[in-house]
1. Can you name the residue in the range 249-281 that is part of a loop (DSSP other than H, G, I, E, B), under 13 Å from Pro145 (Cα atoms) and of a type in the set (Gly, Ala, Ser) and, of all such residues, is nearest to the chain's Cα centre (by Cα)?
2. For the range 154-206, which positions are of a type outside the set (A, V, I, L, M, F, W, C), modelled with pLDDT under 90, assigned to a helix (DSSP H, G or I) and over 18 Å from Ser220 (Cα atoms)?
3. Could you give every pair whose Cβ atoms fall below 6 Å, whose first residue belongs to the range 135-164 and is on the phi < 0 side of the Ramachandran plot, and whose second residue is crowded, with 16+ Cβ neighbours inside 10 Å and of a type in the set (Asp, Glu), counting only separations of at least 6 or pairs across chains?
4. Using beta carbons and a limit of 9 Å, which pairs, at least six apart or on different chains, have the first residue in the range 230-241 and in contact (Cβ under 8 Å) with a residue 24 or more places away in the chain and the second one surrounded by fewer than 17 Cβ atoms within 10 Å (Cβ to Cβ) and polar (S, T, N, Q)?
5. Residue by residue through the range 97-116, note down the ones that are closer than 9 Å to Leu127 by Cβ and of a type in the set (Lys, Arg).
6. Quick one: which of Cys205, Cys165, Cys191 is hydrophobic (A, V, I, L, M, F, W, C) and either surrounded by 18 or more Cβ atoms within 10 Å (Cβ to Cβ) or within 30 Å of Ile133 (Cβ to Cβ) (or both)?
7. Spot the failing condition for Pro27; the list is (1) at pLDDT below 95; (2) touching a strand residue (DSSP E or B) at 6+ places or on another chain (Cβ under 6 Å), and only one is missed.
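The values are calculated or read from the model by the stated rules, or taken from the named source; none is laboratory data. Please read these numbers as outputs of a predicted model, since none were measured by experiment. A quick note on method: Cβ atoms are made from the backbone with ideal geometry, for glycine too, and the neighbour counts reach across all protein chains shown.
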Amino acid sequence: MAHKEGWVVVNQVPTRVQTWGGWIEDPLPDGDSVIVCIPGNPGLTSFYRTFLASLHQHLGIPVWICCQAGHELPPPSTHLKCPTNPALYTTAAQATHKAAFLQQYLPANRKLYLIGHSLGAKLVSELLRNELIARHTQKCYLLMPTLERIAETPNGRFLTGILDCFMTVIIFFAWIFSLFPDVCREFLIGCWFFLSRQHRVDQGCMEATCHLTKPRQLRSIFTLALNEMKFIKELDMQVLNAHCPKLKVYFARKDGWAPLTYMESLKKAKPDIDVTVLGEQFQHAFVLDNPEEMADILAQEIKKERVK
């Protein structure tokens, strides 16, 4: 079935949703499973478009993703407005937002496969505290997970220092950049990607990057990042002990957000957890470089899980 996207209100916040294999409000095709992806930060759905389209192509299972609350703003045609209450956009509120989304739209008779990338992995662990969601969940795939002490990582320390000093300045320059014509902004962003990564990124990533450089979205992204530093501290042993068999964790070899020392910490805390170190080509932002390769890996894992 075709790709669809739209806007729904979840936990008071207009939320962009993209699906493959059936819209969230339509009767789902025959089968017993749904895959739901929880994005990282920035939590814009189009970053994951190629990855999730490829995953759906491999498996034929309905695949859904919803944005992080406040990271995508509804177009005027929807007549929806984002509330200004900052309590709706914290890390804890993002977990509440994802739980509300699943409770609103996941059919009662469906098995759930959760994918969490970066911050999304932490949010998946928070979702497993919900008994109803945990009961539906067959397996969780945590990609480059930020499960502990994010403020102590190389990238966490760097970003905190930059935002503490220059967040207002960065947002001001983003405002200036937002005044450029769309064609000009897309050209400059495309040049930056090509120079920094030595290849062109897909249209979904281009679209998402153009949106996140707008001042309001950028402020939401930065504010959530700073809140993550305070929220994500020690490993959640309650969830690890209760749901370890449901977890499959993937680390990149070089990752400033989820370094391999944190993988060792995770394995020390829970020796029987299923952990894989990905190949050299995979980076934290795999959606920019290897979305289809990551989809291939997960598709094989999900196929094996479904025949158990």
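1. Checking each candidate, the answer is Ala258.
2. Listed by number, the residues that qualify are Asp182, Arg185, Glu186, Gly190, Ser196, Arg197, Gln203, Gly204.
3. Once the first residue is on the phi < 0 side of the Ramachandran plot and sits in the range 135-164, its partners that are crowded, with 16+ Cβ neighbours inside 10 Å and of a type in the set (Asp, Glu) give Lys139/Glu305; Ile150/Glu228.
4. Leu235/Ser265
5. Of the residues in the range 97-116, the ones closer than 9 Å to Leu127 by Cβ are 98-99, 102, 114, 116.
Across the range 97-116, the qualifying residue is only Lys98.
6. On the way: Cys165 fails: either surrounded by 18 or more Cβ atoms within 10 Å (Cβ to Cβ) or within 30 Å of Ile133 (Cβ to Cβ) (or both); Cys191 fails: either surrounded by 18 or more Cβ atoms within 10 Å (Cβ to Cβ) or within 30 Å of Ile133 (Cβ to Cβ) (or both).
Just a single option satisfies the conditions, and that option is Cys205.
7. (2)
Here's the yes/no breakdown for (1) more than 25 Å from Cys140 (Cβ to Cβ); (2) of a type outside the set (A, V, I, L, M); (3) buried (at least 24 other Cβ atoms within 10 Å of the Cβ):
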position	(1), (2), (3)
Arg16	no, yes, no
Trp23	no, yes, no
Val63	no, no, yes
Leu80	yes, no, no
